[in-house]
Each structure stands twice: as structure tokens, then as C-alpha cells.
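What follows is a set of notes on a single structure, which appears directly below.
The values are calculated or read from the model by the stated rules, or taken from the named source; none is laboratory data. Since the structure is predicted, the reported quantities are computational estimates derived from the model, not experimental observations. Quick reminder, even Gly has a Cβ in these numbers, built from the backbone with ideal geometry, and neighbours come from all protein chains shown.
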Amino acid sequence: MKIRVVTRVRIGKENIFMGKGVREILDAIDEYASIKKACQVTGISYPKVMRMLKTFENELGFAAVVSEKGGSLHGGSKLSEKGRAVLECYREIEGEVTTFAQKLVKEKFVF
């Protein structure tokens, strides 16, 4: 029987600002250049996404997303350089935690 390992990485200061949901939102904004489209593809409501981004930005002290007004033809949103750096760092941490957890389970969960 193969054991499946599920890990959860959440990072915060005063408040949790980075986890799976924020990663999914940032990935979708990066892919679609739209907060609205990111909400649609992730299934997270626009007000909740805006709260998540506000918490992220308040906790870290910089903007994760840069938006330009102008509608579907001229506007859009993209990750800031620091927002992208945090996203990449989180992905690395998430991957390493998962790898480590799988190793531990393989070594210690021997029933």
C-alpha cells in the first residue's frame, strides 16, 4: 500500500499572508494578467481575493500586484518583482517541505 503525504505550508507575521490560496491567485494573475479572471479560474470571490492581497501587502510592506486601469483592451494586472520573488520562494519552500515529509513518512511510518 502506498501512503500519500499531504502537506500545508502557511507563512505569516501578525497574520497568515501566504498559503495555497494566495499562491493559486498569484499564479492565475501571472497567467491571465487579470484579477477578475484569476477569481474565476480559482473559484475565489473577488472580495476575498482583494482581502488576501491586502493582507499580503500589509504584512510584507510592498505590493504583490500592479494594476493598470483601462478595461479589457488596455488595463490589466501583473505581479510586481517582489510579488514574483515571494511566489517563487514559496514554491521552493512548498516543494522542499513536501519532499521532506515524503521522506519522513517513508522512513518512520513503517506499520
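For region 76-111, enumerate the residues that are of a type outside the set (S, T, N, Q) and in contact with a Ser or Thr (Cβ under 7 Å, 6 or more places away or on another chain).
Result: 76, 97, 101.
Within 13 Å of the chain's Cα centre (by Cα), under 30 Å from residue 107 (Cα atoms) and of a type in the set (D, E, K, R) - does that describe any residue in region 56-65?
No, that holds for no residue.
How many of the residues in region 23-53 are in a helix (DSSP H, G or I), in contact with a Cys (Cβ under 9 Å, 6 or more places away or on another chain) and of a type in the set (Gly, Ala, Ser)?
1
Within region 66-86, can you find the residues that are at pLDDT below 95 and among the hydrophobic types (A, V, I, L, M, F, W, C)?
73
Any idea how many residues of region 73-98 are in a helix (DSSP H, G or I) and either without any contact (Cβ under 8 Å) to a residue 24 or more places away in the chain or among the aromatic types (Phe, Trp, Tyr) (or both)?
11
Would you mind stating whether residue 46 is over 28 Å from residue 7 (Cβ atoms), at pLDDT 95 or above and not acidic (Asp, Glu)?
Yes; evaluated as a whole, the condition is true for this residue.
Take the conditions aliphatic (A, V, I, L, M), in a helix (DSSP H, G or I) and at pLDDT 95 or above and apply them to residue 105. Does it pass?
No; evaluated as a whole, the condition is false for this residue.
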